[in-house]
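Remarks on the structure that follows.
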Amino acid sequence: MKKKLALLPILFALMASCTGYVSSIPDRDVYFKRKFNTVQLSTFGAYLYVTDSGTVPLYAVDRIGFGGLLIYHAQDNVFYAVDLACPKEVTYNVRISPPVYDMCKCETCGEVYDMTFGQGIPTKGIAKEPLRHYTVSFDENDFILITR
């Protein structure tokens, strides 16, 4: 019986690891819906950089996560959305830069995140986790929808 009880913590750890990745970036509501602009996001590396003070207008229903949104057309021809907050800094106003040659940088800690395939993987080892991801979908009317 004691051997079975000793296995319980291991079983709980395995079950928790199956539920998915938990980011250090705090949970915030995410809801961003726009008419998909095929010209603006048509090429690999194209992106929308959405902040509360950015050039993309925000509406009352918009929720842009913790630090803002980066909507990115990656090399695998898939669209990804990540939070702009750096996982190392975990501050809403310390944001990664817009991508340059598929790379985004946090100017505060110096970490560089690879967006080539939309994952936001840290490349220098300063941060220990990738950028926080959100769900991207399209509807039949060519609207792009970003949700948590």
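FYI, it's all coordinate maths here, none of it is from the lab. Values in this document were obtained by computation on a predicted structure and should not be read as measured data. All Cβ positions, even for glycine, are placed from backbone atoms using ideal geometry, and neighbour counts span all protein chains on display.
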Seminar exercise, completed: One finds, for SER97 and ASP139 with R0 = 30 angstrom and r their Cβ-Cβ distance, a FRET efficiency to the nearest 0.05 of 0.50
Exercise. How far is it, in nm, from the label point at ARG63 to the one at LYS35 when both lie 7 Å from their Cα along the line to the Cβ?
Worked result: 2.6 nm
Exercise. For CYS86, what charge total do you get from the other residues with a beta carbon under 11 Å from its beta carbon, if Lys and Arg give +1 and Asp and Glu give -1?
Worked result: -1
Problem set entry | Whole-angstrom Cα spans of segment 26-147 along principal axes, big to small | 41, 30, 22
Exercise. Trypsin sites (Lys or Arg not before Pro), restricted to segment 87-136: which are DSSP loop and have at most 16 other Cβ atoms within 10 Å?
Worked result: LYS124, LYS128
Problem set entry | Net charge of Cβ neighbours under 15 Å - reference ALA74; Lys, Arg +1; Asp, Glu -1 | -3
Seminar exercise, completed: Treating only Lys and Arg (+1) and Asp and Glu (-1) as charged, each at its beta carbon, one finds that segment 26-147 has a dipole about its Cα centre, in Debye to the nearest 20, of 180 debye
